[in-house]
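Peer 1: Handing you a structure now.
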Amino acid sequence: MADLSTDFLGIRSPNPFWLASAPPTDKQYNVERAFKAGWGGVVWKTLGEDPNVVNVNGPRYGAVHSNDRRLIALNNIELITDRPLEVNLREIAEVKKNWPDRALVVSLMVPCEEKNWKSIVPLVEATGADGIELNFGCPHGMSERGMGSAVGQVPEYIEMVTRWCKQTTRMPVIVKLTPNITDIRYPARAAKAGGGDAVSLINTVSSIMSIDLDNFAPTPTIDGKGSHGGMCGPAVKPMALNMVAEIARDAATRGLPISGIGGVTTWRDAAEFIALGCVTVQVCTAAMTYGFKIVEEMIDGLSDWMDRKGYRTIEDFRGRAVPNVTDWQYLNLNYVTKARIDQDLCIKCGRCHIACEDTSHQAITSMLDGVRHFEVIDEECVGCNLCVNVCPIDNCITMERISGVDPRTKRPIDPGYANWTTHPNNPASVKVAAE
């Protein structure tokens, strides 16, 4: 059986599945229930200074659902913990004492002044917690007060606060990054420059989920008004994977330990983050949707997949996808594919034809000899794979690499590798050749 244990900055946990800093980790009761269910670690919901913050006393969540009512994205306007600091600190100490084999990291957010950070960090260290996570990502409520993403969007502030914390504690310092920024590499570089031991990402995406067309206000609605909030859940996973990959392959941050966050709902999601270099993954929306026991499926699924693949430990496949992430300009322009429709699997729904006919390259038939029949016209197919993505049947349409002559261009396909940097249509390429 695969060994799922992880060592993240010296913080050991029996598996890579941690609960993210959020409502599920706001108190001892929740956290101990999570540990009993099998979670490998938690990041305690963000602590701040007393007097504690005040949350709204009404709806705090907005959502986007699929047609079958699955939760695709969750938006929240909740702030950091609204419980007294002393209560949180006492419970953290008790949980760590009761569960010494689980990872317990504490999220922190205080005003961006040295004295504030240097006063709260020792209080957390005294609890016996394993580490701290600096919340530079919250996009609502706290950012308007000069905290959260207001700090995370300024690399100089990230470096400064990280350095203050590193000067104050023996604990590992994890810097949680906001996705609400143009280029995630700059805050990651700043975290490393400030001495940060690792980064975690992504935090929630600033969003308005919907407008109530009866009262014309954003949802969730508080007394007829609404505000932007932070979006999480399966919808943000593609953004999270991209940002993790950018940090993992950036020369300045390559090798920086990463805790991946963003839409992790299944073992496969977790494996994808780990393949991009993450040591642990943090989960929130899936637990809030299905309950703490969902971790059992995640653990079993990941373990079974690793056994089938022959991976003994997480380290055996961690980061293996990073070398295969590249820039568009380096993609092989001599790699030519055509779509293929399995007629035995085809249910004749016609979605591939409509998508291709109306919005793509008119490369799929709808009739043959007066009978409903869907087949790819190689002379028109550019290999875009739109048909694959709209087809409701798994593996009914696949992409096949071809060689010889491309029926569409009527040109021989060069079996060698060539990319945009060498293409004759590239002005820079032509200029280099002329010199």
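Peer 1: Do any of 176/225; 166/225; 36/115; 45/115 go past 32 Å between their Cα atoms, and which?
Peer 2: Too far apart for the 32 Å limit: 166/225; 36/115.
Peer 1: Still on this structure, I have one more. Report the FRET efficiency, 1/(1 + (r/R0)^6), for residue 379 and residue 72, where r is their Cβ-Cβ distance and R0 is 56 Å, rounded to 0.05.
Peer 2: Rounded to the nearest 0.05, the efficiency is 0.90.
Peer 1: Could you check the simple spin-label distance between residue 101 and residue 5, using points 7 Å along Cα→Cβ, in nm with one decimal?
Peer 2: 0.9
Peer 1: Please compute the length gained on full extension between residue 242 and residue 331, using 0.36 nm multiplied by the number of residues separating them and subtracting their Cα-Cα distance.
Peer 2: Separation in residues times 0.36 nm, less the Cα-Cα distance, equals 30.4 nm.
Peer 1: Over what distance in Å are the Cα centres of the range 119-185 and the range 338-414 separated?
Peer 2: 50
Peer 1: OK, next. Please report the spacing between the Cα centers of the range 253-308 and the range 33-83 in Å, no decimals.
Peer 2: With the range 253-308 and the range 33-83 each reduced to a Cα centre, they are spaced 18 Å.
Peer 1: Separate question: Write down the Å³ per residue value for the convex hull defined by the alpha carbon atoms of the range 274-371.
Peer 2: Dividing the Cα hull volume of the range 274-371 by its residue count gives 240 Å³.
Peer 1: Moving on. Taking residue 410 as the anchor, which lysines have their alpha carbon closer than 23 Å to its alpha carbon, excluding any fewer than eight residues away along the same chain?
Peer 2: 338
Peer 1: Select from 162, 203, 239 the residue farthest towards the positive end of the dipole of the chain; place +1 on Cβ of Lys and Arg, -1 on Cβ of Asp and Glu, and compute about the Cα centre.
Peer 2: Toward the positive end, the furthest listed residue is 162.
Peer 1: So what are the three principal axis dimensions of the range 334-435 from its Cα atoms, in whole Å, longest to shortest?
Peer 2: That works out to 58, 25, 25 Å along the principal axes.
Peer 1: Moving on to the next point. Say we join alpha carbon atoms closer than 10 Å with springs in a Gaussian network model of the chain; which of 17, 317, 374 then has the biggest fluctuation?
Peer 2: Result: 374 has the largest fluctuation of those listed.
Peer 1: If we restrict to alpha carbons, what Rg and Dmax does the chain come to, in Å?
Peer 2: Spelled out, the Cα radius of gyration and Dmax of the chain are 25.0, 80 Å.
Peer 1: Where the only charges are on Cβ atoms (+1 Lys, Arg; -1 Asp, Glu), what is the dipole of the chain about its Cα centre, to the nearest 20 debye?
Peer 2: 640
Peer 1: Rounded to the nearest 500, what is the 222 nm mean residue ellipticity of the chain from helices alone, with -39500 (n - 2.57) per DSSP H run of 4+ residues and division by all residues?
Peer 2: -8500 deg cm²/dmol
Peer 1: Report the relative contact order of the range 328-434, percent, no decimals, based on alpha-carbon pairs under 8 angstrom and at least 6 residues apart.
Peer 2: Relative CO of the range 328-434 lands at 36 percent.
Peer 1: If you take every residue apart from residue 217 with its C-beta less than 14 Å away from the C-beta of residue 217, what net charge results, scoring Lys and Arg +1 and Asp and Glu -1?
Peer 2: The answer is -2.
Peer 1: Let me have the relative contact order for the chain, percent, based on Cα pairs under 8 Å that are six or more residues apart.
Peer 2: Dividing the mean separation by the residue count of the chain yields 13 percent.
Peer 1: With the chain treated as a Gaussian network of Cα nodes joined by springs under 10 Å, which of 94, 49, 375 yields the largest mean-square fluctuation?
Peer 2: 375
Peer 1: Still on this structure, please answer the following. Once you've got the GNM for the chain with C-alpha springs shorter than 10 Å, pick whichever of 322, 87, 376 has the biggest mean-square fluctuation.
Peer 2: The residue with the greatest mean-square fluctuation here is 376.
Quick note: the coordinates plus some simple rules give every number you see, no bench work behind them. Bear in mind that the values here come from a model prediction, so they are computed numbers and not experimental data. Methodologically, a virtual Cβ is constructed for each residue, glycine included, from the backbone with ideal geometry; neighbour enumeration extends over all protein chains shown.
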